[in-house]
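Colleague: Below is the structure I would like to discuss, written out as structure tokens.
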Amino acid sequence: MNRLNGSGRAFGPGPSRKPVEPGGAARPASTRRASTRPTRTRGTLATIAVAVLAAATLIATGTPSGATGPGDDDGGATTAGSGPVAGAADAGVEADVSYHGHVSLWNGRVGLWLTTANHGPAPLAGATVRLRFSVPLDRDATLPPSCLRTGPAVVHCGTGAMRAAGSGAQLALDVATVGTPNEVGVDIDTVWNGGISDRNLANNTHRVVALATGDAYTF
């Protein structure tokens, strides 16, 4: 249909109408729908991160963390001087946590044996060790009581209290993998230690690659 301009003359058909927001500017419907997604996504990711951090704290000490904000990837927020370690900041206290042991792979099963220690000078209420495998674990894999699965290939384990200049917990995992891999990589680090400063991350951050030979690959 032709429209009339202010002088009464007719001119061509007008443009199709677009939805108009209260402010008066027209926005395509697809744009309006998309604009609501990032907020929901950020809120979901923040909720997941907080839940993982709270779980890591509960594993380490058996008490809730009281965390109110998100960390990174699976719960590893950063505190000054402590790399990936998360927790309530206590920068005036130092401890030196270490993990040593070995990894083996055979016939679609991976075994990990780990001993924790604290070289001081301060005692530690507890820490959470994160184990990230390069292959997914069988969904029915049985874990030690102090460990919690937080992803298809991620496990968090608590050390319990660690006195200064003393050994801590011994962890032993023997779990099936999905499929029969020729090798497996394991990344080991600390995601929670109560916020105590640990200046020597080299002895509690490891990367181990084990071939499917049944041999023990130490770290």
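Colleague: Using a basic spin-label model with each label point 7 Å from the Cα along Cα→Cβ, how many nm lie between ASN200 and THR142?
Modeller: 3.7
Colleague: Which value in nm describes the separation of the simple spin-label points at ALA161 and ASN182, placed 7 Å from the Cα toward the beta carbon?
Modeller: 4.9
Colleague: Something else now. Could you compute the net charge surrounding TYR217? Neighbours are other residues with a C-beta less than 14 Å from the C-beta of TYR217; K and R count +1, D and E count -1.
Modeller: Working: positive: ARG207; negative: GLU183, ASP187, ASP215.
Every neighbour counted, the sum reads -2.
Colleague: Packing-wise, with mean Cβ within 10 Å as the measure, how do 172-182, 125-135 rank, highest first?
Modeller: Values: 172-182: 14.8, 125-135: 22.5.
Top of the packing list down: 125-135, 172-182.
Colleague: What does the charge count around ASP189 come to, taking other residues whose C-beta lies under 10 Å from its C-beta (Lys +1, Arg +1, Asp -1, Glu -1)? Could the numbers behind the result be given before it?
Modeller: Values: positive: ARG130, ARG132, ARG207; negative: ASP187.
With Lys, Arg at +1 and Asp, Glu at -1, the net is +2.
Read the figures in this text as sums done on the coordinates, not as results from a lab. Bear in mind the structure is a predicted one, so any value in this text is a computation, not a measurement. With ideal geometry, Cβ positions are generated from the backbone for all residues, glycine too; neighbour counts draw on all protein chains shown.
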